[in-house]
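My structure is below; once you've seen it, I'll send some questions.
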Amino acid sequence: MASPSFIFSILLLQLLFASLPSHHILTSAADGSWQLLQKSIGISAMHMQLLRNDRVIMFDRTDFGPSNLSLPNGKCRNDQTDTALQVDCTAHSVEYDVFANKFRALTVQTDVWCSSGAIMPDGNLFQTGGFNDGERRVRVFSPCRTCDWNEIPNGLTAKRWYASNHILPDGRQIIVGGRGQFNYEFIPKNIVANKINLPFLSETNDKGIENNLYPFVFLNVDGNLFIFANNRAILFDYVNNIVVKKYPMIPGGEPRSYPSTGSAVLLPLKNLKASAIEAEVLVCGGAPKGSYLQSLKGTFLATLDTCARIKITDSNPKWVMETMPLARVMGDMILLPNGNVLLINGAGSGTAGWEQGRDPVMSPVLYRPDNDISSRFEVQNPTTIPRMYHSTAALLRDGRVLVGGSNPHAFYNFTGVLFPTELSLEAFSPAYLDAKFDNLRPTIIAPKSMSGIRYRKKYTIQVAINSDKVDESSVSVTMFAPAFNTHSFSMNQRLLVLGNDKLTAVGNSTYNVEATTPRSGNVAPSGFYLLFVVHQGIPSQGIWVKLR
């Protein structure tokens, strides 16, 4: 008969494993590493955008009450409409210098809570909407060492809260939807009637829950917009206000938009010289029907473990379903320079909203879109910091992914809660940054930056690669459009695979790579991009280029 101590040990182990969520017990963890960059930047990074000077703009909301970062020189914000603190001498926005690993306080005058934005062709961040006195504001941030926010009152025609933005080929931004707004508009305004109805947004609105906020918006290669809300999508001609195509509902019909909060990416655009370029969208995770109302009652349903992929350029497109190794809601999907997708942040049960998520998913997952469907996902090494509601992520020029935020509370709350307000910044380094790949890693020698590149033109990039043998087929040039990231959606995110036209050895471990730029603004809108050279899946550090 077993001893009492042995039986007690077995029971203890059983209790321990029973307390762990089943999808958190991983048989193995693969690659990637984490680095804590800042224990606190003073605010919680709810919104995040990389600028062309390698600074990242972050902000949360002005009505959280005082943050942990004072405004400089005794500056204060006086706002009698603020619901938390009318006179606030603390910051709710910061500029983070990536390579110096330093940050400085910025001043927003009106509430930016749950707002949206995109980078304009000149490199300025145009950020739109928010809550309360911020709901019709346009805010502009220019990349410079001493710049701060400039606000434009009534820059929007409609109140925009939980809307999505996308840069257009003509240089304007389109702003789609928002709470109670079944319409879209443009900035800068250029027509009198700037609010245009979009019935699709009312058709996808679940009464009392919505599930169609922060719609997933992507510019298709034909110049039309792919707009996804709730569980279905349309191809939309915004010039003529016409629905060009209705896509089928995702199999199963589960909602994927806020507050069910899956995530989505336009997969890397390839074969850019083809007469007909293919475009695919991948939608992953979310919360099943009923999750939002159940979470309000204290019941946290398991999240979705499926992804749905569709070729939006097909004449008869169909969703193809895939199963993730980890179920996830409130996750972010980040395109990597080598064409893979990183799924990061989020929760394993519940939904988006105050205190409505549980079971943090600590391990990112890598998705390889070109692999066979049975071998696309790979679990990566976990973080130690839960990133729940109001978390963010962004790709940096050196190939790391910056991660911040997480505040599922209506104010800053650090004690006595399951998931305290998180003020830290981390970086996740994918496996391609491991030192063991240094001999494969290209280093761009020239140019150091390309102030202006034009459509349909061939350019030469000189690189050093210390590998013994470099095959032309193993080298590719990619261009990445940095995104405005908030609430699990990276607006305007885009990766273009230019490939290479010719690879020429020009010296000891030195090569010239010739590549041709995209053919039009429909494929790649004018603006600033990060250009990478990738060798055997290992990317160089990027350089900034301006496509025009």
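The values are calculated or read from the model by the stated rules, or taken from the named source; none is laboratory data. Since we're looking at a predicted model, the values are computed, not measured. Using ideal geometry, Cβ is built from the backbone for each residue, glycine included, and neighbour counts are taken over all protein chains shown. The area values use the complete protein model at the heavy-atom level, side chains included, leaving out ligands, DNA and RNA. Shrake-Rupley method; radii C 1.70, N 1.55, O 1.52, S 1.80 Å.
Using +1 on the beta carbon of Lys and Arg, -1 on that of Asp and Glu, and nothing else charged, what's the dipole of the chain about the Cα centre, debye to 20?
In total the dipole reaches around 1040 debye.
Quick check on my link table: of K448/K502; K246/K546; K245/K297; K102/K502; K436/K457, which ones sit more than 31 Å apart, alpha carbon to alpha carbon?
The pairs that break the limit, which is 31 Å between Cα atoms, are K246/K546; K245/K297; K102/K502; K436/K457.
Taking the Kirkwood radius as the inverse of the mean 1/r across Cα pairs, report the Rg/Rh of segment 330-409.
With Rg and the Kirkwood Rh in hand, the quotient comes to 1.00.
Alpha carbon centre of segment 501-548 versus segment 164-240: separation in Å?
Each part reduced to its Cα centre gives a spacing of 31 Å.
Can you work out the base-10 log of I(q)/I(0) for segment 465-548 at q = 0.19 1/Å, using the Debye formula on its C-alpha atoms alone?
Evaluating at q = 0.19 Å⁻¹ gives log10 I(q)/I(0) of -0.87.
Using the Karplus equation 6.51 cos²θ - 1.76 cosθ + 1.60 (θ = phi - 60°), what ³J(HN,Hα) coupling, rounded to whole Hz, does each residue of segment 275-289 give in order, writing x for Gly and Pro?
5, 10, 7, 8, 9, 10, 10, 10, 10, 10, x, x, 10, x, 3
Run the dipole for segment 71-179 about the Cα centre, Lys and Arg Cβ at +1, Asp and Glu Cβ at -1, nothing else charged, and hand back the magnitude in debye, nearest 20.
Around 100 debye, computed over segment 71-179.
Then there is this: Could you look at segment 58-124 and say what percent of its accessible area is carbon and sulfur, using a 1.4 Å probe and all protein chains?
That share works out to 51 percent.
Calculate what fraction, in whole %, of the accessible area of segment 153-213 sits on carbon and sulfur atoms when a 1.4 Å probe is rolled over the protein chains.
53 percent
Using Cα pairs closer than 8 Å and at least 6 residues apart in sequence, work out the relative contact order for the chain, in percent.
14 percent
Using alpha-carbon positions, what is the distance between the centroids of segment 367-414 and segment 255-318, in Å?
Computed from Cα coordinates, the inter-centre distance equals 16 Å.
Suppose all protein chains stay in the model; what accessible area per residue would a 1.4 Å probe give for the chain, in Å²?
Value returned for the chain: 38 Å² of accessible area per residue.
If you don't mind, there's one more thing I want to ask. How large is log10 of I(q)/I(0) for segment 269-395 at q = 0.16, 0.18, 0.21 Å⁻¹ when the intensity is taken from the Debye formula with one equal scatterer per alpha-carbon?
Here the Debye-derived log intensity ratios amount to -0.82, -0.98, -1.20.
At q = 0.14, 0.19, 0.24 Å⁻¹, work out log10 I(q)/I(0) for segment 62-107 with the Debye formula, treating every Cα as an identical point scatterer and leaving solvent out; two decimals please.
For segment 62-107, the Cα-only Debye profile gives -0.35, -0.58, -0.80.
Enumerate the amide H contacts of G117 below 5 Å, restricted to partners 5 or more residues apart or on another chain; note that Pro and chain-start residues carry no placed amide H.
Here the answer is T128, N165, since their amide H atoms fall under 5 Å of that of G117.
Here is a further query. Contact order normalised by length for segment 113-217, with contacts defined as Cα pairs under 8 Å and 6 or more residues apart; what percent is it?
This gives 20 percent for segment 113-217.
Right, something else. Short version: ³J(HN,Hα) in whole Hz for each residue of segment 532-548, in order, from phi by Karplus 6.51 cos²θ - 1.76 cosθ + 1.60 (θ = phi - 60°), x for Gly and Pro, what are they?
Per-residue couplings from phi come out as 10, 10, 10, 10, 6, x, 9, x, 6, 5, x, 10, 7, 10, 10, 8, 8 Hz.
Which whole-number percent gives the relative contact order of segment 468-548, counting Cα pairs below 8 Å spaced six or more residues apart?
Taking the mean separation of contacting Cα pairs over the length of segment 468-548, I get 29 percent.
Here's a follow-up. Can you list residues from other chains, or at least 5 along the same chain, whose modelled amide H is less than 5 Å from the amide H of Q541?
I444
Karplus couplings for segment 205-215 from phi (6.51 cos²θ - 1.76 cosθ + 1.60, θ = phi - 60°), rounded to Hz, Gly and Pro as x?
8, 7, 4, x, 10, 6, 6, 9, 8, 6, x
For E151, project a label point 7 Å along Cα to C-beta. Then give me every residue of segment 68-91 with its amide nitrogen under 11 Å of that point.
77-82
Any idea what the alpha-carbon Rg over 2.2 N^0.38 Å comes to for the chain?
0.95
Moving on. Under the rule of -39500 (n - 2.57) per DSSP H run of 4 or more residues, summed and divided by the residues of the chain, what mean residue ellipticity at 222 nm is obtained, to the nearest 500 deg cm²/dmol?
Roughly -1500 deg cm²/dmol at 222 nm, from the helical runs in the chain.
Using a cut-off of 19 Å between alpha-carbon atoms, which aspartates and glutamates can reach K469, once sequence neighbours fewer than 8 places away in the same chain are excluded?
Cα-Cα hits under 19 Å: D438, D501, E514.
Would you please give the residues with an amide H less than 5 Å from that of D206, counting only those at least 5 places away or on a separate chain, with H modeled from the backbone geometry?
N211, N212
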